[in-house]
2 protein chains.
Amino acid sequence: MAFQIGIGPRVRKSPFYDATVKAGVAGFTIYNHMYMPVSYGDLAGEYDRLINGVSMWDVAAERQVELKGPDAFKLAQYLTPRNLSRFVVGQGKYVPICNHQGHVINDPICLKLAEDQYWLSIADSDVLLWAQAIAGEKKFDVEVREPDASPLAIQGPKAEQVVADLFGAWPAKLKYFWFRKAKLDGIPVLVARSGWSKQGGFELYLLDANKGTQLWDRVAKAGKKYGIGPGCPNYIERVESGLLSYGADNAVDSTPYEIGLGKYVDLDQRTAFIGKAALKKANEDGPQRKTVGLIVAGRALKSNEHRWRVFKGKRDVGMMGVVAYSPRLKKNVALAQIATSVKDDASDLTVQTPSGARKAIITAVPFI
Amino acid sequence: MAFQIGIGPRVRKSPFYDATVKAGVAGFTIYNHMYMPVSYGDLAGEYDRLINGVSMWDVAAERQVELKGPDAFKLAQYLTPRNLSRFVVGQGKYVPICNHQGHVINDPICLKLAEDQYWLSIADSDVLLWAQAIAGEKKFDVEVREPDASPLAIQGPKAEQVVADLFGAWPAKLKYFWFRKAKLDGIPVLVARSGWSKQGGFELYLLDANKGTQLWDRVAKAGKKYGIGPGCPNYIERVESGLLSYGADNAVDSTPYEIGLGKYVDLDQRTAFIGKAALKKANEDGPQRKTVGLIVAGRALKSNEHRWRVFKGKRDVGMMGVVAYSPRLKKNVALAQIATSVKDDASDLTVQTPSGARKAIITAVPFI
C-alpha cells in the first residue's frame, strides 16, 4: 500500500532534510520524532551501492542523549547492564538499556567523549526522558539533554576511500565504534567507524545543524568518483546481516537474553544497574524466547507490512518481525522471535504470510 | 511536498488500520510509535463534516499508560503539578507532566478508572518510560504498562446523536472528560466525553484490539443518517480553537507558564510532585515566553511544513508553530510562542514565511 506522510511542524526535520529532498528522497518514516528517509525509489540500485560501492544516508534521527557532569559516568553505568569499567575516551560501546523489569527499552551505542561526557546514540524511544527521570530521582549531578549532533552515514566497501579523501589516513585506523572529532571545510564533525550495516563505513556526526546541506554536498562531491549515491538503512542488507531493529524484531517485554543481547549483561559486576535483580532471575529461569534466523521457502517475498505468526505444526510459537528476499542468497531471509522450546532443527515450522503458510527452517545469523 | 510513508513492522498499526485503509485514508503520520491517519484527501469536506456534521477519527495512537496498584494514586499525583486531591472515579482531568527542570514533557488526560487504577491518555512522547523510571526509582508498588485501549473519536455537532443511537441517553449526560464503560454488540468500550476539537463529541476507547474493524463499521453504520465520514484531528479547526499540539507549538524546554498551562500548576499543595522546586522558581522569576494567537495578514496561506520565525521590527522574538487559513474567519490564524516582553498590542510584528515577511497582530485564543 502507498500512502503519503504528513509533513508539518510537529515532527522535526533533519539538518539534511533539504539536501535529501534535492537528492530525490521518495519516502520517509518518523524516528525519534524526526523524519528519516527510507527510500529514494530505487530499491535495487540502493542495495547495489551499499553492497558493491558506497552510499550516503541521512540518519540524523539516530538522536543523541548527552550525559554531562560529575556523575555522568555513574549514570551511564547505572543505565546499562554492560560493564563499562574499561571504557575509554574515544571509544564507543553497544549498551542495551533495560527497565527495572529487565526488559530492553533501547539499544544505543554509547560514545565516551570525556571522563564526564557521554552520548547515547539511540534507537526509536525516548531515552532522553528515561535518563532525565533516573538522574532526577537519583539526584545525580549531571545534565541530560539532546546535543546538536546529527549522524550522516557513509556505508559500503568504498566508504573508506571516500572518508580518506575527505579526512586523510587516520579514519581508516579507527577501531570499530571508535571516533574522533574533526573539521571539514570549517564544519565541525565527529567521525566514527560505525553504521547500521555490515558493509563497513563511517558515520559523520554533524555538530552544527545549520551546516547540513554543506556537509551533504561536500560528501556527495568527494564520493562522486566512487559512484556514491543517496540511500538509507537498507532493510534487505540488515536482515542478511542479522542486525537487530529495536521495535521491529522484538516483543516490548523482551529481556536481553531473548533478543540475542545476553552477552552484554554482566551480572557479576559489583556496581548496581537498572534491572539487575530482574535480569538475575531471568538468567536463572532461562529465557522464554529466542531470536533466530529463518529461511522461508518458496518464491521471492515482498517485505512485510505487518508481523507474521510462526507455527510449529499447529502451535503458535512466536512472531516473525521482518522478511526480505536476499538477492545474493536468492532466498527469503527472516528474523523471528520464537519460543525457546522450539529446537533449532525443527522440521515442521511454518510462517503465516497474508497469502498462506510457507515452510521455514531455522538458520544461523548473519545469513551472509 | 508529497512523500510516501514507509509501512513496515517497526511501527505499530492501530486496531482501526484496516478499516481506515478501506475508508480511503490518504496520509499518515507516526505518533507514539503508531500510524495515525492525517488525511483522507478531502481537506474541505473533512473540515465541513467536523464543523457542521459528524466525523469519525482513528486516534488509537493516543496511547494509554496505565498506573495500577496500591501506589497508583501516589504516582499519578507525583507525576503532575495539578492537584488531584478531588479526583473521583469516572472523571478525567487534563494533567500536564513536567520533568525535574519544570519543562513540560507531555500533556495527557488522566482517567481515574478505580481508586488504584489510572490511565494517562498521552500526546507523542514516551510517558510509559518516564512513569516506569519514576515508579522504579521511587520503589512504588504499582504496575506501569500500556493497556489494550484504543480511542476512536466521534466529533462534531451531530456526534451526540450518533452516540445516543449507539448507547442511549446516558452519554449525553456525561460531563466534559468524564467517562463510563459499556458494551456495543459485545465490543467492550469506554465512552468518554472528550476529543481533540472544540466541536463537541466523544471518544470510544476500544478495549479489545481484535475488534477494531467491527467497532469502526458499527459507528459508520449508526452515523450514516447523520452524514458521518472519516476524518482526523483537523489542523485548521484546532488552530481556530487554540488547542495545544504538544511538540508542534512549544519549545521543548517550555514551562507550563510558557504554553498557557500555568493554571494547572498548584504550587501550594502540600504533596510533592516532579519539578515543584523548578516551577516555584519559574513562577517567581516570571515566564520568558508566552503562547499567543496571531492573525497573519495577506492572502490565504497554506499550512506550514516548518516552523517560522516571528520578528518585532528587526528582533527575532520567537517562533510560530502552526498557521492555517480559517474558512470561517477568512483569515490566516496562527499559534506562536514569543518573548513575554512583546506587548499584546505590538504593531510591528512580522512572521517570516518562505515567500517573505507578513504582518501579524496578536489576538486572543480561541479565535472562534
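Just so you know, all these numbers are worked out from the coordinates, no wet-lab data involved. As the structure is a prediction and not an experimental result, all values here were calculated from the model. We place every Cβ from the backbone using ideal geometry, glycine too, and count neighbours over all the protein chains shown.
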Of A:Gly41, A:Gln77, A:Cys98, farthest towards positive along the dipole that unit charges on Lys, Arg, Asp, Glu beta carbons give segment A:1-103: A:Gln77
A:Arg315 neighbourhood, Cβ < 15 Å, K/R = +1, D/E = -1, net charge +3
Out of all DSSP beta bridges with both ends in the protein assembly as shown, state the antiparallel percent to the nearest 5. 95
Pick out, in residue order, every one of the chymotrypsin sites (Phe, Trp or Tyr not before Pro) in segment B:128-213 that is DSSP loop and has at most 11 other C-beta atoms within 10 Å; say none if there are none. B:Tyr176
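Filter the trypsin sites (Lys or Arg not before Pro) in segment B:43-130 down to the DSSP loop ones having no more than 16 other Cβ atoms within 10 Å, then list what survives.
Details: sites: B:Arg49, B:Arg63, B:Lys68, B:Lys74, B:Arg82, B:Arg86, B:Lys93, B:Lys112; in loops: B:Arg63, B:Arg82, B:Arg86.
Taking segment B:43-130 and a limit of 16 other Cβ atoms within 10 Å, the loop trypsin sites (Lys or Arg not before Pro) found are B:Arg86.
What net charge do the residues around B:Leu349 carry, taking every other residue with its C-beta under 9 Å from that of B:Leu349, with Lys and Arg at +1 and Asp and Glu at -1?
Working: positive: B:Lys312, B:Lys359; negative: B:Asp348.
Computed value for this residue: +1.
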Where in segment A:345-364 does the label zone of A:Arg315 land, with the point 7 angstrom along Cα→C-beta and an amide N cut-off under 14 Å? A:345-350
Per DSSP H run of at least 4 residues, take -39500 (n - 2.57); add these up for the protein assembly as shown, divide by its residues and hand me the 222 nm value, nearest 500 deg cm²/dmol. -5500 deg cm²/dmol
What is the distance, in nm, between label points placed 7 Å from the Cα along the Cα-to-Cβ direction at A:Lys330 and at A:Glu115? 5.9
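Rounded if a/c is under 1.5, else prolate if a/b beats b/c, else oblate: with a ≥ b ≥ c from the C-alpha gyration tensor eigenvalues square-rooted, which is segment A:1-160?
Prolate.
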Once you order the gyration tensor axes a ≥ b ≥ c over the Cα atoms, which shape class does segment A:186-344 get: rounded for a/c under 1.5, otherwise prolate or oblate by comparing a/b with b/c? oblate
Loop sites only, by DSSP: take the GluC sites (Glu not before Pro) in chain B that have at most 15 other C-beta atoms within 10 Å and name the longest stretch containing none of them. B:116-304
Less than 14 Å from a label point 7 Å out along the Cα-to-Cβ axis of B:Ala357: which backbone N atoms in segment B:287-325 qualify, by residue? B:297, B:309-318
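Restricting the count to DSSP beta bridges whose residues both fall in chain B, what percent are antiparallel, rounded to a multiple of 5?
Numbers: 76 of 80 bridges.
Bridges in chain B that DSSP calls antiparallel: roughly 95 percent.
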One can check that the equivalent ellipsoid of the protein assembly as shown, built from the alpha-carbon gyration tensor with semi-axes equal to the square roots of five times its eigenvalues, has lengths in Å, largest first, of 38, 32, 29
Under the 0.36 nm per residue contour assumption, what length would be gained going from the current alpha-carbon distance of B:Val88 and B:Leu267 to full extension? 62.3 nm
Over all residues in A:138-151, what is the mean tally of Cβ atoms on other chains that come within 10 Å of each residue's Cβ? 1
Looking at B:Asn52, B:Gln64, B:Ile5, which one has the Cα that reaches farthest to the positive end of the dipole of segment B:1-84 (charges on Cβ: Lys, Arg +1; Asp, Glu -1)? B:Gln64
Over the alpha carbons of chain B, what is the largest minus smallest coordinate on each principal axis, giving the biggest first in Å? 62, 50, 41
Rounded Å value of the spacing that divides the Cα centres of segment B:130-172 and segment B:206-256: 13
At most 14 other Cβ within 10 Å, DSSP loop - trypsin sites (Lys or Arg not before Pro), segment A:295-346: A:Arg299, A:Lys302, A:Lys314, A:Arg328, A:Lys330, A:Lys343
Per its Cα gyration tensor (rounded if a/c is under 1.5, else prolate when a/b beats b/c, else oblate), segment B:147-206 is best filed as oblate
Partners for B:Lys175 among aspartates and glutamates (Cα-Cα distance below 14 Å; same-chain residues under 8 apart left out): B:Glu160, B:Glu203
Taking the Cβ of each residue in A:Asp71, A:Asp285 as the centre, tally the other Cβ atoms inside 10 Å and list the residues starting with the fewest. A:Asp285, A:Asp71
Tell me which of B:Pro151, B:Tyr176, B:Val163 sits at the most positive position along the dipole axis of segment B:138-203, charges placed on C-beta atoms (Lys, Arg +1; Asp, Glu -1). B:Tyr176
How big is the convex hull of the Cα atoms of segment A:64-145, per residue, in Å³? 77
Centroid-to-centroid separation of segment A:30-47 and segment B:326-360 [C-alpha atoms, Å]: 35
Quick check: net charge around B:Gln337, other residues with Cβ under 13 Å of its Cβ, Lys/Arg +1 and Asp/Glu -1? 0
Please give the per residue volume of the convex hull enclosing the alpha carbon atoms of segment B:214-303, rounded to a whole number of Å³. 200
